[in-house]
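Visitor: Below you will find the structure I want to go over with you.
Each value in this text was obtained by applying a stated rule to the coordinates, not by laboratory testing. On a predicted model such as this, the values are computed, not experimentally measured, just so you know. Cβ atoms come from the backbone with ideal geometry, glycine included; neighbour counts cover every protein chain shown.
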Amino acid sequence: MNGCLSCGLLKYLWCWLEDLSCRLQDSNLLKLIMAFSVALLVLVNVHTGFTMANSCPRESEEESEDVGEDHPSESSSDLNCTLRGSPENYNYGWDRGPHTWNAPGNNQSPINIERNCVDLNYFDTPLIWSHYNDLPLGIRLENNGHTLILRAAFPGQTPSIDGGDLLGRFDFREISFRWSWTNSSGSEHTVDHHHSPLEMQCLHTDAEGNGCCSSQGILMISYMFDFSDDNPFLDVLVQHLPAVQQAGQVVEVPPFPLSYLMPAFYDKFYSYNGSLTEPPCHRGAEWLMHPVSLAISERQLNEFRQLKDKSGARITRNARPVQPLEDRTVHLNRYRTGFQE
């Protein structure tokens, strides 16, 4: 009885499939399905073509980096050429994100700092912060589609940092910021695997002009921000963010001393040797990490979160993932004899 029932069901199913096939051949449904499939195939091919055209085997940049190591650039001011790749050539998504960047394989940033696994380093010469309290001639903010960039022009000496165990003086160039849509992430560096909601990175280059692609040509100073009340020193910047919400927008803001954003520090700060965190990810960058977190309110952070990328969507994240430390050492730096301005 069960065998007869099974045969009957199979025969019924076969007849139903034959009937459906005949109906599709006689109707427009099959034509619609075929047209949709062809259109989808064309769109996939076009997208693949654009992705391949915009992907960045950046052979010319690799060649220029090799040349820069043997023949340093005569000027470290041309940062767009020597330090950063074009914002058009990378992003933080699946198509041109960090997993696709043609970066060197070692000594990369950011890293995780394990506070129980650092090397204590004592030095006799304090860090020397020069002209960070000077008032600039002007300050310019730019939304480049990935992050906020702050640059400044000065009437006299450019702010610089020296001393400690640095091999020379490094001049200030620009400030950039890292954040995310979630409060549990945002910063590129982590401390004991903990992200801060905002990280501010201050780029400096060799003041002697020995070439910012050389082995000690880049100094990065990082400041982490954690949630607290409104930070009035940060508000001199935050209040102007609505003017650069769209990618490509630039605004001149009333000048203020860089020390508002970059408080000087002398003791108990971390340092290590790494790289830039954006393509072409040049190695030979010395990183100094501010010893304590600065304050930011959620209202102030939300102003950063309103900034948009080149597609018109809000910048949801702009942080490169943590890179392997490998055989590098993270130093906890102590100044032996006290503070000195």
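Visitor: Pull up all non-local amide H partners of residue 145: gap of 5 or more, or a different chain, and H-to-H distance under 5 Å with H placed in the peptide plane.
Guide: It is 248, by chain and number.
Visitor: Give me, ordered by chain and number, the residues 5 or more places off residue 318 or on other chains with an amide H under 5 Å from its own placed amide H.
Guide: 179
Visitor: So what is the diffusion coefficient of region 215-341 in µm² per second by Stokes-Einstein at 25 °C and 0.890 mPa s, using a Kirkwood Rh over Cα pairs?
Guide: In µm²/s, the coefficient rounds to 142.
Visitor: On to the next question. Between beta-carbons, use under 9 Å as the cut-off and find the net charge around residue 300, counting Lys and Arg +1, Asp and Glu -1.
Guide: Net charge around residue 300: -3.
Visitor: How much length is gained on full extension from residue 124 to residue 292, taking 0.36 nm per residue of separation minus their Cα-Cα distance?
Guide: The span from residue 124 to residue 292 would gain 58.3 nm if fully extended.
Visitor: Would you please state the base-10 log of I(q)/I(0) at q = 0.18, 0.23, 0.35 1/Å for region 261-300, with intensities from the Debye formula using one equal scatterer on every alpha carbon?
Guide: -0.71, -0.86, -1.13
Visitor: Still on this structure, I have one more. Give me P(r) over region 108-335, computed from all C-alpha to C-alpha distances, binned every 10 Å, as integer percentages.
Guide: Here the calculated profile for region 108-335 is 8, 33, 40, 18, 2, 0.
Visitor: Can you tell me the dipole magnitude for region 108-335 around its Cα centre, using point charges on the Cβ only (Lys, Arg +1; Asp, Glu -1), in Debye to the nearest 20?
Guide: 620
Visitor: For residue 138, list long-range residues whose amide hydrogen, built 1.01 Å from N in the peptide plane, is under 5 Å from its own amide hydrogen.
Guide: Sorted by chain and number, the residues that satisfy this are 153.
Visitor: Only residues of region 224-241 count here: report those whose backbone N is under 18 Å from the spot 7 Å along Cα→Cβ of residue 259, or say none.
Guide: 232-237
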